[in-house]
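A.B. asks: One structure is given below, represented as structure tokens, and several questions about it will come after.
The values are calculated or read from the model by the stated rules, or taken from the named source; none is laboratory data. Remember, predicted model here, so these are calculated numbers, not experimental data. With ideal geometry, Cβ positions are generated from the backbone for all residues, glycine too; neighbour counts draw on all protein chains shown. Surface accessibility is based on the protein's heavy atoms, side chains included, excluding ligands, DNA and RNA. Shrake-Rupley method; radii C 1.70, N 1.55, O 1.52, S 1.80 Å.
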Amino acid sequence: MEQHRAVVVGAGIGGLTAAVALHRRGWRVTVLERAADLTPVGAGIALAPNAQRALDVIGLGDRVRALSAWQGDGGMRTPGGRWLARTDAKAAAERFGGPLVLLHRATLVEILTSALPEGVVRTGVTAAVTDPGDEHRPARLTVTGPGSAAPGELEAELVLGADGIRSATRGALFPDHPGPRYSGATTWRVVVPAPGRPFAPHETWGAGRLWGSQPLKDGRVYAYAMATAPAGAHAPDDEKAELLRLFGDWHHPVPELLAGVEPDRILRHDVHHLPDPLPAFHRGRVALLGDAAHAMMPSLGQGGNQAVEDAVVLAHHAGAAAGFAPGRALAAYTADRLPRTTAIVRKAARTGALTLLAARPAVALRSAAVSAVSRFGPGLALRGFDGICDWRPPVDAPSHGARPA
């Protein structure tokens, strides 16, 4: 067995963050990614103060903030353009210790990979856990694919399953878990040129439909949409035509943004989540993080943020490679992360259901309630993110099971 080796399965945001965090603690890290390259999907990611503080732990928070758009005042609207609520970026920053920032996923991937030594990330590799190991023996994986230098078996003191919502690692650890469930909604994401007329950042809720428009620092706009739909549905023509049918008559800047969309640049994905929590986030020497552990609806914008939190907390409990005690370290990781993420998954599901109300009376009641809450000031609306965006990472010293004071 190669001593002090950690293998990360999956090179998404959570996996790369974990790799950086472990590398900084002296681990010899290998990241295995089945895709042929690390070209991220063409979408943005919003990082709340909780994730930014996690990135500060690994020395990357300032770089992220420097390359991000700082989300300013905006709010929630109706499809006709009426403001239901206005957001106060200053009040949010004061409440949670910093602003929400937005950047392209490609930018974040570049920042994370630049913090890793050359050769750590191997693409074109499929990895499967065959033995999770225990206190006395390493974890084992089989690796195949054109990017694997030596196809066959790989051993490691620590394995992290960051392989997404369809995680094969999760299936190997917990084969009896029911797995992801379709939420009833599908999403579209696209990055488009900014329209000619200015606009305020917004999220607009209609009947069973949602649209959001958020400016990026480079002048483009990250737009996203969600609607109720049967699982696996697709547009009969193309997804731009589908978006025009659903949102083409909504308020500015939605029609202008849609006019600038290239149909082949639109990403459409059904939303699956894990409403049934796992019994643990680890088994033996293998731990899960991100969507593999707690996939959630996007309605709180916390999916990627929680993956970043996972990565930093896991590295905190793993500590320096030489002193790694898998049983204590990974049990402490589960104890820290499972209750928190379970609560956020459930809250995201409740918020998603509210977002996608379709019956006219229910939509009218929802709009009235949002307007009423907003009249009491931003504090009441922001209270829903208490305990989420104000999270702080554990102290830097490794704990091996001791909870930080």
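A.B. asks: Evaluate the following for residue 17: is it of a type in the set (S, T, N, Q) and out of contact with any strand residue (DSSP E or B) (no Cβ under 7 Å at 6 or more places or on another chain)?
C.D. replies: yes
A.B. asks: Mind checking which residues of segment 10-44 are open to solvent by less than 10 Å² (accessible area, probe 1.4 Å) and β-branched (Val, Ile, Thr)?
C.D. replies: Within segment 10-44, 17, 20, 30, 31 meet the criteria.
A.B. asks: Among the strands (runs of 3 or more DSSP E) confined wholly to segment 91-137, which include 2 or more residues that are surrounded by 15 or more Cβ atoms within 10 Å (Cβ to Cβ) and more than 22 Å from the chain's Cα centre (by Cα)?
C.D. replies: Answer list for segment 91-137: 126-131.
A.B. asks: Tell me whether segment 45-60 contains one or more residues that are modelled with pLDDT of 95 or more, farther than 30 Å from residue 208 by Cβ and either β-branched (Val, Ile, Thr) or in contact with a Ser or Thr (Cβ under 7 Å, 6 or more places away or on another chain) (or both).
C.D. replies: Among the residues of segment 45-60, at least one is modelled with pLDDT of 95 or more, farther than 30 Å from residue 208 by Cβ and either β-branched (Val, Ile, Thr) or in contact with a Ser or Thr (Cβ under 7 Å, 6 or more places away or on another chain) (or both), which makes the answer yes.
A.B. asks: Select from segment 138-152 the residues that are β-branched (Val, Ile, Thr) and either at pLDDT 95 or above or open to solvent by less than 60 Å² (accessible area, probe 1.4 Å) (or both) and list them in ascending order.
C.D. replies: 142, 143
A.B. asks: Can you tell me which of 353, 331 is touching a residue at least 40 places away in the same chain (Cβ under 8 Å) and either open to solvent by 10 Å² or more (accessible area, probe 1.4 Å) or in a helix (DSSP H, G or I) (or both)?
C.D. replies: Going through 353, 331 in turn, just one is touching a residue at least 40 places away in the same chain (Cβ under 8 Å) and either open to solvent by 10 Å² or more (accessible area, probe 1.4 Å) or in a helix (DSSP H, G or I) (or both): 331.
A.B. asks: Inside segment 77-98, can you point out the residues that are in contact with a helix residue (DSSP H, G or I) (Cβ under 6 Å, 6 or more places away or on another chain), modelled with pLDDT of 90 or more and of a type outside the set (Gly, Ala, Ser)?
C.D. replies: 84, 95, 96, listed by residue number.
A.B. asks: Report yes if residue 292 is touching an Asp or Glu at 6+ places or on another chain (Cβ under 7 Å), open to solvent by less than 10 Å² (accessible area, probe 1.4 Å) and at pLDDT 95 or above, otherwise no.
C.D. replies: Spelling it out, residue 292 is indeed touching an Asp or Glu at 6+ places or on another chain (Cβ under 7 Å), open to solvent by less than 10 Å² (accessible area, probe 1.4 Å) and at pLDDT 95 or above.
A.B. asks: Right, here's the next one. If I ask for residues that are open to solvent by 40 Å² or more (accessible area, probe 1.4 Å), touching a residue at least 24 places away in the same chain (Cβ under 8 Å) and among the basic types (Lys, Arg), which ones from segment 63-90 would you list?
C.D. replies: Passing the criteria: 63, 65, 86.
A.B. asks: Something else about it: Taking segment 323-341 as the region of interest, how many residues are under 21 Å from the mean Cα position of the chain (by Cα) and among the aromatic types (Phe, Trp, Tyr)?
C.D. replies: Going through segment 323-341 one residue at a time, the tally reaches 1.
A.B. asks: Return the residues of segment 304-342 that are of a type in the set (Gly, Ala, Ser), in contact with a strand residue (DSSP E or B) (Cβ under 9 Å, 6 or more places away or on another chain) and within 29 Å of residue 224 (Cβ to Cβ); say none if nothing qualifies.
C.D. replies: The answer is 304, 311.
A.B. asks: One residue is enough: does segment 45-62 have a residue meeting the conditions closer than 30 Å to residue 262 by Cα, open to solvent by 40 Å² or more (accessible area, probe 1.4 Å) and touching a residue at least 24 places away in the same chain (Cβ under 8 Å)?
C.D. replies: no
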